[in-house]
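No lab work stands behind these numbers, since they all come straight from the coordinates. Remember, predicted model here, so these are calculated numbers, not experimental data. We place every Cβ from the backbone using ideal geometry, glycine too, and count neighbours over all the protein chains shown.
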Amino acid sequence: MSELAHAATQLDVTAPPILTVQDLQMYFPVKYHGIFQRTIGHVQAVDGVSFEVPKGGSLGLVGESGCGKSTTGRLITRLYEPTDGEINFDGRNIAHLSQRELLPLRREIQMIFQDPATSLNPRHTVGAIVAAPLLIHKVVPKNKVLPRVQELLEVVGLNPEHYNRYPHEFSGGQRQRIGIARSLTLQPKLLVADEPVSALDVSIQAQVINLLQDVQREFGIGFLFIAHDLAIVRHFCPEIAVMYLGKIVEIADRETLYNHPHHPYTQALLSAVPDVKQAAIGGRRERIRLEGDVPSPINPPSGCRFRTRCSMAQEICSKVEPPLLQVGSRHKVACHFPGELGQAPQRPVTTAICGVDDQGNAVSGATADIQLNAPGYDTTWLDLKTGQRTGA
Amino acid sequence: MSFQESQLEVSEPIDPKITPTGLIAGQSPTQLALGRFRRDRLSMISFWIVVFYFLAGIVSPILVKVGVSKPLANDQKLLNIDLGGVPNGAWGGTSWHHLLGVEPRTGTDFLSRLSYGITFSLTIAISATIVAVVIGVVLGIISGFSGGWVDAIIGRFIDMTLSFPQTLMLLALSATGVALFAKILPGDTSDAIPNGVYEVLVLGLFGWPSIARLIRGQVLSIREREFIDAARLSGASRRRIYFKEILPNLWAPVLVQFTLIMPAYVSAEAALSFLGVGIPVPTPTLGNILGDSVNFSGSDFSYFFYPALLLAIIVVSFNLLGDGLRDALDPKGDR
């Protein structure tokens, strides 16, 4: 493969969305097991998440463990039924479809799992694993199943003659390729990749990522790429959303997010990434250390969820939840004091939008004036330097 | 020190068939498992012993029908009436006509009785095991995979069944139970079929809870694995997930349970015969022959020895067979 073939994926602004998620919410009940079972609370795993995945493009979803990225992925593949919100796939809301209604959709949305050791049934041969979706959906006649399986194995770079081997006879990277072959069997339009390379060696990670890029280009598949490795996300996804405690705190195109992050959490996350180039120069970037632990998603902090660990938190942060404010043509951030590191505004920029004063108290007569938390981007946005709404 | 030829054979890897084009032709999973099984000598020995028992169990009723074997015929001439019906001659009256001697008190050919006894013992043990394993596996999978109230109900039901004094019930209800089956089932009420059905049902219906629990535990761990999610994502039905995705991962525990319960039921049958609720004499089973042999423990050792030996051999071979099968079916079991 030439170097050019696997350059970082570029953003296609004109691509229509294949998936639009609006206000997605997943609350898991916490039960008390006594004589009578009753619900004593909810884990707010995903709480009002909105985003778009463009056709044939990819959106990265990053965040620390337990922030709800995987749950979001499982909601979109409908392994879970969301508590609330919409999942519009190809113009159809699939959030509350029954299992029977979902059956035809299973061909369109597939998933690549994190752990290749448990995502393949150890008692089935590779051929049986890859063929299962074909047989269930009866896509091809029985005598065409094996040629198709071998074709898929070839696509993912495996020896097609190995179709009747068991998963344990393959290495981790090869097993992940089998998982990819299985997800491609039904020629999906959307692939949810739930940390597809985090269980692999670094050398194998690159191979698998390259394979995913090839596959994306060849078949025009939209990707929701869930990961916590920021370097890989940067390479694979032209657009990235950062999640914290069930909410998206910042979503932007690659250059903006990595070079001009506006949310203090994104800044902390990026400062934690080891930088080889900087190490070579000998310089050392200042590391932003977050104090304390992630609060419990059963009882999240009021207002801004990040305020308990944020160095800039003020009174307004505990009273008003910051809206996901668009601050650039493809940049949204959920913070009252958005700005690049060290350049955060002194006054909250969200007061007019939320209808509150600087301390977060409601101003009588004022109302929120924009629709918050909509997926996608507006044509106009709030320019942070001038404080005025501008457009392209 | 020299290696035996067979040892070298065992350590030899599976030879992939080389096709004329030079490509590696895969072997089907069953072929691979059978290949592994065949290379294990101990498994093969126990397999042939079990086969031999099954053949004996199948052939002996035919021999009885034909008239070669006479397990119910009396011949008082061969017995010493003065000593309470002990056979004349050493080792229970062994002779060319009666290779294992004759039965005390009746003078029936002991070989005929034993081989006919194997038929009944195996039929009862296998039927009861199948009843227990099928109920246990199905309820275990449903309970483990569904969770929630289904799991709770099946769980309480298991507790109830386990806490039930089954031996007492078996004894107490035997008369009514057998009478009931005698009424329901067609055929002569004097034969042993109602007793057998009663025994099978009671053993089977009380044997499943432990299997169900074990299977439930296994399913709980299997259902959290991602290949179940993958199956659901590919649109697999619930039944497909139960029997195509989960069940193949349960063969090892099911086989182990089968091989543990099956010999246990052979001995349970013996114990019940001893207590007088099993298959009644004159129909022979290994159990009621052994039970009767206690009466002649001092005077006719071979009367006790042969059925006990047959029991021991079948129990051991079944266990070894189960081990071998588990190793062969487990693709990770390449030693």
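Across the range A:109-123, computed HN-Hα scalar couplings (Karplus, 6.51 cos²θ - 1.76 cosθ + 1.60, θ = phi - 60°) run 10, 10, 9, 10, 8, 6, 9, x, 6, 10, 8, 10, 5, x, 8 Hz from first to last residue, x flagging Gly and Pro. Using C-alpha pairs under 8 Å with a sequence gap of at least 6, the mean separation divided by the residue count of the range A:247-391 gives a relative contact order of 22 percent.
Summarising the amide proton neighbourhood of A:Val356: residues at separation of 5 or more, or on other chains, whose placed amide H is nearer than 5 Å comprise A:Val363. Please return the longest range in chain A lying between exposed loop sites, taking GluC sites (Glu not before Pro), DSSP loop only, at most 10 other beta-carbon atoms within 10 Å, and leaving the sites out. It runs A:4-285.
For every other residue with a beta carbon closer than 12 angstrom to the beta carbon of B:Glu103, add +1 if it is Lys or Arg and -1 if Asp or Glu, then tell me the sum. In short, -1. Across all C-alpha atoms in the range B:136-284, the radius of gyration and Dmax reach 19.1, 60 Å.
Express the relative contact order of the range A:4-244 as a whole percentage, based on alpha carbon pairs under 8 Å and six or more residues apart in sequence. Relative contact order for the range A:4-244 comes out at 30 percent. Treating the Cα atoms of the range B:45-329 as identical point scatterers in vacuum, please give the log10 of the normalised Debye intensity I(q)/I(0) at q = 0.09, 0.13 Å⁻¹, two decimals. For the range B:45-329 at q = 0.09, 0.13 Å⁻¹, log10 I(q)/I(0) is -0.53, -0.94. Kirkwood Rh, Cα Rg: Rg to Rh for the range A:60-199? Checking Rg against Rh, the ratio lands at 0.98. For the range B:180-267, the equivalent ellipsoid derived from the Cα gyration tensor has semi-axes of 38, 16, 9 Å, listed largest first. Provide, for q = 0.13 Å⁻¹, the log10 of I(q)/I(0) from a solvent-free Debye sum over equal Cα point scatterers in the range B:41-200. For the range B:41-200, the Cα-only Debye profile gives -0.90. Largest first, the three principal axis extents of the alpha carbons in the range A:1-119 are 65, 31, 26 Å in whole numbers.
Give me P(r) over the protein assembly as shown, computed from all C-alpha to C-alpha distances, binned every 10 Å, as integer percentages. Percent of pairs per bin, in order: 3, 11, 17, 17, 14, 12, 9, 7, 5, 3, 1, 0, 0. When you filter the chymotrypsin sites (Phe, Trp or Tyr not before Pro) in the range B:43-96 for DSSP loop state and at most 14 other Cβ atoms inside 10 Å of their Cβ, you are left with B:Trp96.
Here each label is just a point 7 Å from Cα along the line to Cβ, and for A:Asp201 and A:Thr379 those points are 5.3 nm apart. Overall, the ratio between the Cα radius of gyration of the range A:247-391 and 2.2 N^0.38 Å, rounded to two decimals, is 1.10.
Using the alpha-carbon positions of the range A:148-189, Rg (one decimal) and Dmax (whole number) come out as 9.7, 30 Å. Just report the Cα centroid separation between the range A:136-159 and the range A:244-278, whole Å. Result: 41 Å between the Cα centres. Computed from the alpha carbon positions, the gyration tensor of chain A leads to an equivalent ellipsoid with semi-axes of 39, 25, 20 Å, biggest first. At 222 nm, what helix-only mean residue ellipticity would chain B give, in deg cm²/dmol to the nearest 500, using -39500 (n - 2.57) for each DSSP H run of four or more? Mean residue ellipticity at 222 nm (helix-derived): -22000 deg cm²/dmol. From its DSSP helices (H runs of at least four residues, each -39,500 (n - 2.57)), chain A gives a residue-normalised ellipticity at 222 nm of -7500 deg cm²/dmol.
Distances between placed amide hydrogens fall under 5 Å for A:Gly60 paired with A:Phe225, A:Glu239, A:Ile240, A:Ala241, all partners being 5 or more residues away or on another chain. Helix A:142-155 and the longest principal axis of the Cα set of chain A meet at an angle near 60°.
Derived scalar couplings between HN and Hα for the range B:169-174 equal 5, 4, 6, 5, 8, 4 Hz in order, rounded to whole Hz, by the Karplus curve 6.51 cos²θ - 1.76 cosθ + 1.60 (θ = phi - 60°), x for Gly and Pro. Converting phi to 3J(HN,Hα) with the Karplus coefficients 6.51, -1.76 and 1.60 and the offset θ = phi - 60°, the range A:87-93 yields 10, 9, 10, 6, x, 10, 7 Hz in sequence order, with x at every glycine or proline.
Expressed in Å, the radius of gyration and Dmax of the Cα atoms of the range A:167-319 are 18.5, 59.
In this structure the amide hydrogen of A:Val46, modeled in the peptide plane, comes within under 5 Å of the amide hydrogens of A:Met26, none closer than 5 places in sequence on its chain. Volume per residue of the convex hull around the Cα atoms, evaluated for the range B:78-168, comes out as 126 Å³. Each principal axis of the Cα cloud of the range A:291-377 was evaluated for its coordinate range; sorted largest first, these ranges are 35, 32, 28 Å. Each of B:Ile81, B:Ile279, B:Ile130 was scored by other Cβ atoms within 10 Å of its Cβ. Listed from fewest to most, they are B:Ile81, B:Ile130, B:Ile279.
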